[in-house]
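What follows is a single structure, written as structure tokens, with notes after it.
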Amino acid sequence: MTVAGEAGTGVRATARIRAVRAGADTVLAVLHGAGPFDLRRNRAYGRQARVCVLGAMCAPLGGDRLRIEAVVEREARLRVTTAGATIALRGPTRGPATYDVRLVVGERGSLDWLPEPVISAAGSHLRQSCVADVAETARLVLREEQVLGRAGEGPGRLSSRLTVRCGGRLLLDQQAGYGPDVPGWDGPAVLAGHRAAGQLLIVDPAFAAGPAQVRSFGDEPAGGLAVLVPLAGPGVLVTAVAPDSLRLRRLLDEAGRVGGQTPGMS
Amino acid sequence: MSRAALLMLADGRFPAGGHAHSGGAEAAVAAGRVRDAAGLREFCRGRLHTSGLVAAGLAAAAAAGADPLVLEEAADARTPAPALRRVARVLGRQLLRAVRVTWPSAELDALAVARPGGAHQCVVLGVAGRSAGLSPLDVAHVAAYESVSGPAAATVRLLGLDPFEAAGVLAGLAAEVDQVAGRAAGAARRVRAEGVAVLPAVSAPLLDIAAERHAVRRVRLFAS
């Protein structure tokens, strides 16, 4: 980690996790915290190793360059969570902060990537990206939640891109852009006044045999809306919008339970 | 380039079947999210800068000669809602049928053979533009404009909106349509060197959510 004093630069840090199969268990061969990311090894759950990312709360600030890399090697099982929401704040510079996540899941491996929401505070500017490469026989569960503004404030500028390849083929490529200067972001085609948006992605080889059915959730617009859809490859995606993070999580959890009941999934 | 070919391709009377679709406007009207010209303007602006930009990028890349089948995969990855993938392919099939007669070319024939069930409309549009001698920027203009002209025309019928007001909404968005087309064509120029990942992939959550709800409605005026 380096902190540079001059304008235009901030924290540059890359945290790394590598999970490998050892006998019947998963071992964390690399657990390397950096910058604002403090990585804690939690008690394993069966054969699944568990890691919690602590201390991401007061980052990223404008100008920061943050990155987390997680590699799950063949037949290993890993679950990663964060201890709290990540709050994007206005930094010493007006430049954007970047927060990049790189995930790799090897043959018959399994990764649950379940961070708490990213909150885009007024005046902040964050560019998030997540690129996941999943082997054809591997499983990935990935949740992304974006909350636009803390209580009683407008949002900052938040952009994100999620790119997922499965067995080398492009499965999902999506960008989102919200906040001031993003034309139409709050209009009737995009968020229509909702202040929380999220996605839950499940990639599983079982979907190659039998794609999931479309399901809609949350019939009352005030409580938020979600839809679970089969992708054009072995995966399902839940897309949700809600007035706040609590109702967003409820929708994603409900849809996730339905998605998880697909034959062949555990 | 032929300016007349550009006008033909963008003309709502070109026999490509687009009139049966509202681009999500019917669902937005039914949900009460679009009630008047101001609502239509915001709806169109959101659609233009999300799915309009994505379609324009893919179309421009196809017009620039990128492999249509690679663009098909990129279009699928950018269209998570199966209802919208289906609509894109239905419209693509109709457009392909029309342009194979209008501007016949080996590339259009090859696409029809490779995708008998239909290719994404934006990909067909790009290859068609190529056959008609249009530039990637021209084709991006068509895609960007279509992303707002469809919903505007549909809303005239759905809300009984004054057609002059709807046209005013489109005129008010003209500069943004130009901007989106320019961005899309700029990204398309980089595809050869950097791959399709440089193409825009901006999503609109409510368009995806509403499209699936609309697809199962029993009473509706437009197919999408």
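Only one of the listed residues (B:117, B:195) is at pLDDT 95 or above, loosely packed, with under 15 Cβ neighbours inside 10 Å and within 14 Å of chain A (Cβ to nearest Cβ). That residue is B:195.
Rundown of residues vs (1) in contact with a Phe, Trp or Tyr (Cβ under 7 Å, 6 or more places away or on another chain); (2) without any contact (Cβ under 8 Å) to a residue 12 or more places away in the chain; (3) more than 14 Å from every other protein chain (Cβ to nearest Cβ), yes/no style:
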{"residue": "B:138", "(1), (2), (3)": "no, no, yes"}
{"residue": "B:165", "(1), (2), (3)": "no, no, yes"}
{"residue": "B:178", "(1), (2), (3)": "no, no, no"}
{"residue": "B:185", "(1), (2), (3)": "no, no, yes"}
{"residue": "B:201", "(1), (2), (3)": "no, no, no"}
{"residue": "B:205", "(1), (2), (3)": "no, yes, no"}
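Evaluating residue B:32 against the criteria (1) buried (at least 20 other Cβ atoms within 10 Å of the Cβ); (2) in a loop (DSSP other than H, G, I, E, B) leaves one unmet condition, (1). Applying the criterion of being modelled with pLDDT of 95 or more and of a type in the set (D, E, K, R) to the residues of segment A:190-234, the residue that is farthest from residue B:213 (Cα to Cα) is A:204. Of everything in segment B:65-104 that is within 27 Å of residue B:5 (Cα to Cα) and among the β-branched types (Val, Ile, Thr), the residue that is nearest to the other protein chains (Cβ to nearest Cβ) is B:70. If you go through segment A:132-141 and keep only what is within 14 Å of chain B (Cβ to nearest Cβ) and either surrounded by fewer than 21 Cβ atoms within 10 Å (Cβ to Cβ) or among the small types (Gly, Ala, Ser) (or both), you end up with A:132, A:133. Taking the criterion of being assigned to a strand (DSSP E or B), buried (at least 23 other Cβ atoms within 10 Å of the Cβ) and in contact (Cβ under 8 Å) with a residue 60 or more places away in the chain, would at least one residue in segment A:168-176 satisfy it? Scanning segment A:168-176 turns up at least one residue that is assigned to a strand (DSSP E or B), buried (at least 23 other Cβ atoms within 10 Å of the Cβ) and in contact (Cβ under 8 Å) with a residue 60 or more places away in the chain. With respect to the conditions (1) surrounded by fewer than 15 Cβ atoms within 10 Å (Cβ to Cβ); (2) more than 24 Å from residue A:240 (Cα to Cα), residue B:216 lacks only one, and its number is (2).
Apart from one condition, residue A:144 fits all of (1) within 10 Å of chain B (Cβ to nearest Cβ); (2) under 14 Å from residue A:237 (Cα atoms); (3) in contact with a Gly (Cβ under 7 Å, 6 or more places away or on another chain); the exception is (1). For segment B:43-82, the set of residues classified as more than 26 Å from residue B:194 (Cα to Cα) and surrounded by 23 or more Cβ atoms within 10 Å (Cβ to Cβ) consists of B:43, B:44, B:45, B:46, B:47, B:81, listed by residue number. Among all positions in segment A:251-261, there is no residue which is over 22 Å from the mean Cα position of the chain (by Cα) and either crowded, with 22+ Cβ neighbours inside 10 Å or more than 27 Å from residue B:150 (Cα to Cα) (or both). Just a yes or no: is a residue in segment A:134-153 assigned to a strand (DSSP E or B) and farther than 30 Å from residue A:228 by Cβ? No.
The values are calculated or read from the model by the stated rules, or taken from the named source; none is laboratory data. None of the values given here were measured: they were computed from a predicted structure. A quick note on method: Cβ atoms are made from the backbone with ideal geometry, for glycine too, and the neighbour counts reach across all protein chains shown.
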